[in-house]
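Trainee: A single structure is presented below for examination.
The values are calculated or read from the model by the stated rules, or taken from the named source; none is laboratory data. What you are looking at is a predicted structure, and each value in this text was computed from that prediction instead of being measured. So basically every Cβ, Gly included, is an ideal-geometry build from the backbone, and we count neighbours across all protein chains shown.
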Amino acid sequence: MNYREARKIARKAEHAFGLPDDATLELIHEKLERKRGRTITVAELPELAGEELCGIWLICADRDIVLHARTESDWHRQQIILHDFSHMILDHDLDHQGSEMTKRLLPDLDGEQVLRALARSSYTDNAELTAEALADQLATRIINSDARTPPEPLAFRKVFG
């Protein structure tokens with residue numbers, strides 16, 4: 001699959017998800033919880049620092065957990081979360097290769113509670129490419145939204161004074 005095909009699938013999924021024009025990350029989070037009928041917890045996982053992956057989606061018996069690497073940029077954090085939310089919107093399944101890394105990063109996690117884990121480290125497969133295409137589209141929708149837009153994207157004054 002090429003990126004153009006991935007974007008086409010992503011556009012169809014975004015349309016079916018039915019976001020309003022004033023989308024925010026919080027609104028997408030709430031809508032996904034309603035769609036999935038379960039709580040979605042989002043948290044930073046400092047152990048991801050220096051790893052090749054930057055986000056993990058854990059599908060547990062009673063909830064979903066999205067763990068993301070520490071990042072200085074709110075925009076990058078949002079993109080990581082949107083990528084994993086996109087997997088949910090696209091109804092993607094288990095990436096078995098992520099399971100071993102999940103066990104290594106989260107050794108105290110009860111294996112009986114975690115049914116599946118999806119961890120991204122590259123965009124070499126169709127699921128990852130499509131999820132990133134959808135995350136890009138959702139990010140664009142948030143940026144173009146009037147709802148709670150940050151006053152200074154990319155911290156312009158911090159950089160240039």
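Trainee: Within the range 54-89, take every residue that is part of a loop (DSSP other than H, G, I, E, B) and crowded, with 18+ Cβ neighbours inside 10 Å and give me the one that is modelled with the lowest pLDDT.
Mentor: 54
Trainee: Enumerate the pairs (first residue in the range 12-30 and farther than 17 Å from residue 79 by Cα; second residue anywhere and exposed (fewer than 12 other Cβ atoms within 10 Å of the Cβ) and of a type outside the set (Ser, Thr, Tyr)) with beta-carbon separation below 7 Å, excluding pairs fewer than 6 apart on the same chain, so at least 6 apart or on different chains.
Mentor: From residues that are farther than 17 Å from residue 79 by Cα, the pairs are 22/146.
Trainee: Next question, about the same structure. Of all residues in the range 17-34, how many are over 20 Å from residue 143 (Cα atoms) and of a type outside the set (Asp, Glu)?
Mentor: 1
Trainee: A follow-up question, please. So which of 16, 43, 49 is over 18 Å from residue 134 (Cβ atoms), surrounded by fewer than 19 Cβ atoms within 10 Å (Cβ to Cβ) and over 14 Å from the mean Cα position of the chain (by Cα)?
Mentor: 49
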